[in-house]
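Before any comments, here is the structure.
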Amino acid sequence: MSQRIKIKTWLESGKTLTAMDALEKFGCFRLAARIDDLRREGLDIETEFQHRNGKRFARYGLAGR
């Protein structure tokens, strides 16, 4: 199963995902690229920017979930 499909399934289950999560769970180094692929397929994915330990990162989830 491709990373794109695994990420899509994960998000459709109502969970959110960060780049670190994607690396640990799916071996995906380029989460933003996979998110872009899924958005082009029509998925309504929201981006929430968070801060932790002086670092800024994105958390992705499906809109309305």
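The numbers here are math on the coordinates, done by the rules we state, and not lab data. No experiment lies behind these values; they were computed from the predicted model shown. Here the Cβ positions follow ideal geometry from the backbone for every residue, glycine too, while neighbour counts run over all protein chains shown.
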Exercise. What length, rounded to one decimal in nm, is gained on full extension from GLU46 through to THR18, with 0.36 nm per residue of separation minus their alpha-carbon distance?
Worked result: 8.9 nm
Seminar exercise, completed: Along the dipole axis of the chain (charges at Cβ: +1 for Lys and Arg, -1 for Asp and Glu; origin at the Cα centre), the most positive-end residue among SER13, ALA33, GLY64 is ALA33
For this session: Name the lysines eligible as straight-distance cross-link partners of LYS6: C-alpha to C-alpha under 18 Å, and not fewer than 8 places from it in the same chain.
Result: LYS15, LYS25
Exercise. To the nearest 20 debye, what charge dipole does the chain have about its Cα centre, counting +1 at the Cβ of each Lys and Arg and -1 at the Cβ of each Asp and Glu?
Worked result: 200 debye
Seminar exercise, completed: Given 27-39, 52-64, the highest-first ranking by average Cβ count within 10 Å works out to 27-39, 52-64
Seminar exercise, completed: With the chain reduced to its Cα atoms and the Debye formula applied, log10 I(q)/I(0) at q = 0.13, 0.29 1/Å amounts to -0.31, -1.45
